[in-house]
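Some notes on the structure that comes next.
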Amino acid sequence: GAVVSQHPSWVICKSGTSVKIECRSLDFQATTMFWYRQFPKQSLMLMATSNEGSKATYEQGVEKDKFLINHASLTLSTLTVTSAHPEDSSFYICSARDPSLPIPGELFFGEGSRLTVL
Amino acid sequence: GENVEQHPSTLSVQEGDSAVIKCTYSDSASNYFPWYKQELGKRPQLIIDIRSNVGEKKDQRIAVTLNKTAKHFSLHITETQPEDSAVYFCAANPYSSASKIIFGSGTRLSIRP
């Protein structure tokens, strides 16, 4: 199957700083990527849809100025948590579609990034 | 928007017995229903999916059923094994976006030896 890689796998930062998380599709070109947030023992909450070459589409209740998404190439999407606060501490996980597969279809997930804001 | 509800939240079964997880969805236009398995500390992985043009699909010990009228779909695991222990998520695609996937709340399945 297609491979999606996420970096870093974990990050600790001070309150007020910004953190960038990268999501890469390694063996396919992903025009669309999805960013999810997962709280401990809870579900995958869709934050936004990242579209290559255009603005991301955010889900209701997700602050676009807080969670900046950039999809500058067909293999890379980045999520930047700006002015991070302890309540932003969570597990962030990206996923991507392989455009050679049917729509709708399987999402391939990255390893996830655990953010801890002190 | 699409709302996917899943139950039970936790399920413990004896090794060798069957496990059933049930989900409902709200968007009658949804046409794709995948199931993902997430082992502890690992990424979610697709285990089986079903599209709205069929009512049942089976892959070895795993089967999924879909009732479009009732907007229900279920995952059935037979002859459970220790390696089946994980969190299982059902999901559906909302009409507003063919490729977007909305997940249920998850079921933590434990297999007792």
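Name the residues in region A:1-32 that are among the charged types (D, E, K, R) and open to solvent by 90 Å² or more (accessible area, probe 1.4 Å), would you? Steps first, please.
Of region A:1-32, the ones among the charged types (D, E, K, R) are A:14, A:20, A:22, A:24, A:27.
The answer is A:Lys14, A:Lys20, A:Arg24, A:Asp27.
Go through (1) within 29 Å of B:Val4 (Cβ to Cβ); (2) in contact with a helix residue (DSSP H, G or I) (Cβ under 9 Å, 6 or more places away or on another chain) and name the single condition A:Ser77 misses.
Checking A:Ser77 against (1) within 29 Å of B:Val4 (Cβ to Cβ); (2) in contact with a helix residue (DSSP H, G or I) (Cβ under 9 Å, 6 or more places away or on another chain), the one that fails is (2).
In region A:33-58, what residues are of a type outside the set (S, T, N, Q), within 21 Å of A:Ser90 (Cα to Cα) and crowded, with 16+ Cβ neighbours inside 10 Å? It would help to see each step written out before you state the result.
Just the residues of region A:33-58 that are of a type outside the set (S, T, N, Q), to begin with: A:33-37, A:39-41, A:44-48, A:52-53, A:55-56, A:58.
Now restrict to residues that are within 21 Å of A:Ser90 (Cα to Cα): A:33-37, A:39-41, A:44-48, A:56, A:58.
Scanning region A:33-58 gives A:Met33, A:Phe34, A:Trp35, A:Tyr36, A:Arg37, A:Leu44, A:Met45, A:Leu46, A:Met47, A:Ala48, A:Ala56, A:Tyr58.
Which members of region B:10-45 meet the condition of being open to solvent by 40 Å² or more (accessible area, probe 1.4 Å) and within 15 Å of A:Ser95 (Cβ to Cβ)?
Listed by number, the residues that qualify are B:Lys42, B:Arg43, B:Gln45.
Can you tell me which condition B:Ser52 does not meet? The list is (1) touching a residue at least 40 places away in the same chain (Cβ under 8 Å); (2) open to solvent by less than 70 Å² (accessible area, probe 1.4 Å), and all the others hold.
Every listed condition holds for B:Ser52 apart from (1).
State the number of residues belonging to region A:79-89 that are buried (at least 19 other Cβ atoms within 10 Å of the Cβ) and either of a type in the set (Ser, Thr, Tyr) or assigned to a strand (DSSP E or B) (or both). Can you show your working first?
In the first step, residues of region A:79-89 are kept if they are buried (at least 19 other Cβ atoms within 10 Å of the Cβ); the result is A:79, A:81, A:84, A:88.
Now narrow it down to the ones that are either of a type in the set (Ser, Thr, Tyr) or assigned to a strand (DSSP E or B) (or both): A:79, A:81.
Adding up the residues that qualify gives 2.
Given the condition within 14 Å of chain A (Cβ to nearest Cβ), on the phi > 0 side of the Ramachandran plot and among the small types (Gly, Ala, Ser), answer yes or no: does some residue in region B:44-61 qualify?
The answer is no, given that none of the residues of region B:44-61 is within 14 Å of chain A (Cβ to nearest Cβ), on the phi > 0 side of the Ramachandran plot and among the small types (Gly, Ala, Ser).
Output the residue which, of all residues in region A:92-118 that are open to solvent by 30 Å² or more (accessible area, probe 1.4 Å) and in a strand (DSSP E or B), is nearest to the other protein chains (Cβ to nearest Cβ).
Of everything passing the filter in region A:92-118, A:Arg114 is nearest to the other protein chains (Cβ to nearest Cβ).
Yes or no: region B:97-106 includes at least one residue that is in contact (Cβ under 8 Å) with a residue 24 or more places away in the chain, more than 28 Å from A:Ala30 (Cα to Cα) and of a type outside the set (S, T, N, Q).
No; the residues of region B:97-106 include none that is in contact (Cβ under 8 Å) with a residue 24 or more places away in the chain, more than 28 Å from A:Ala30 (Cα to Cα) and of a type outside the set (S, T, N, Q).
Can you name the residue in region A:31-78 that is β-branched (Val, Ile, Thr) and assigned to a loop (DSSP other than H, G, I, E, B) and is also farthest from the other protein chains (Cβ to nearest Cβ) among such residues? Spell out how you get there, then give the answer.
Here is the first cut: in region A:31-78, the residues β-branched (Val, Ile, Thr) are A:31-32, A:49, A:57, A:62, A:69, A:75, A:78.
Then drop every residue that is not assigned to a loop (DSSP other than H, G, I, E, B), which leaves A:31, A:62, A:75.
Details: A:Thr31: 10, A:Val62: 13, A:Thr75: 17 Å.
Of everything passing the filter in region A:31-78, A:Thr75 is farthest from the other protein chains (Cβ to nearest Cβ).
The values are calculated or read from the model by the stated rules, or taken from the named source; none is laboratory data. Quick caveat: nothing in here was measured; it's all calculated off a predicted structure. Using ideal geometry, Cβ is built from the backbone for each residue, glycine included, and neighbour counts are taken over all protein chains shown. With ligands, DNA and RNA removed, areas are computed over all heavy atoms of the protein, side chains included. Shrake-Rupley method; radii C 1.70, N 1.55, O 1.52, S 1.80 Å.
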